[in-house]
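Enquirer: Starting off with a structure, shown below.
Derivation of every value follows stated rules applied to the coordinates shown; laboratory data play no part. Please read these numbers as outputs of a predicted model, since none were measured by experiment. Virtual Cβ from ideal backbone geometry, glycine too; neighbours counted across all protein chains shown.
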């Protein structure tokens, strides 16, 4: 049983049972010494053997279920030794009480209860044979059996409650972990949005103003001595502004919260990508519910891949497909462009010698714990296929 708040209670009950069995067996030995009979020596020897058997088998009796068969065999040996000792001395009848608990623990509620009834009958018969039939000799074992059943059933209910409480605790801890992960994810998205706003309101606006001022200065003095420097400064500011706007796009997923991945991709397809001359078909269901960080990563991968298609693949169309089955996800971006030979060109899927685009995509896929497959051939287009499991992505 795993450690819980009730573990000390269970350990105490088991220790008390062991102490009770040992004390009652020692009582039998002491009784045989104080009031010797012809069977006293045999009773003492058998009592010592019973203690040894009990001590050896205690570890088996409380072992996991895989060794319960050995525990049942041990319990049978203990019972036979007890019956033999009971035949020699009536004081052994007291040992039936701890045996009741062993029957319930090792044999279960049904068979344990049946064993208790049989052991009670044996104890009553032994007391009657040794000392004559009395009300105490009959009522005593019956009352002991009833008490043992009540305590045993109470122990079982307590153990079941402890197990349920442990399961509930594990569920609460798992829920807390998921909540913490969601909060961290929300915090990351909020911080990314804040950085995007800051860059847009400061760096991007400043570079835009600088570019406009330099452009005005260039037009005002086309033949000036420093016009080349002005042109160079304006081009540098324009390049920096383009980079800043690229960072802003990277930091802010377009309407993922409200539209989901499918809606965001369709909006890009109908606006940005269509304006650049590439028809893109989006086969992504709005009913698919993915974690926000997975949607963001797939969106970024698609933006990078489609940008490469537009700039380098000379494609007439592209297709984006998302398939979810159980815990697995497959995401494909395919185009009908010029393609390339992956074996000869380790670069991006567009065939560029520069491999930064493909490296960036692979890094995002690796972060999700997935795999990336690039399928392409000269003149046959290119397909990027991402396979991942949602459990690993989480």
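Enquirer: Roughly how far apart, in whole Å, are the Cα centres of region 93-160 and region 286-340?
Expert: 71 Å
Enquirer: In addition: Nearest 0.05, what FRET efficiency do residue 179 and residue 22 give at R0 = 45 Å with Cβ-Cβ as r?
Expert: For R0 = 45 Å, the calculated efficiency reads 0.35.
Enquirer: OK, next. With a 10 Å Cβ neighbour count serving as the proxy for reagent exposure, in which order, fewest first, do 48, 96, 227 appear?
Expert: With the fewest neighbours first, 48, 96, 227 line up as 48, 227, 96.
Enquirer: Same structure, new question: Just rank 142, 78, 122, fewest to most, by other beta-carbon atoms within 10 angstrom.
Expert: Listing 142, 78, 122 from fewest to most nearby Cβ atoms yields 142, 122, 78.
Enquirer: Compute for region 7-133: radius of gyration divided by Kirkwood radius, i.e. Rg/Rh, restricted to C-alpha atoms, rounded to two decimals.
Expert: Rg/Rh: 0.98.
Enquirer: May I ask you to derive the FRET efficiency for residue 389 and residue 212 from their Cβ-Cβ distance with R0 = 35 Å, giving the value to the nearest 0.05?
Expert: E(calc), rounded to 0.05, equals 0.10.
Enquirer: A further question follows. What FRET efficiency would be calculated for the residue pair residue 202, residue 341, taking the C-beta separation as r and a Förster radius of 41 Å, to the nearest 0.05?
Expert: 0.35
Enquirer: Using the per-residue mean of other Cβ atoms lying within 10 Å as a proxy for protection, in what order, highest first, do the peptides 83-89, 275-281, 71-77 fall?
Expert: 83-89, 71-77, 275-281
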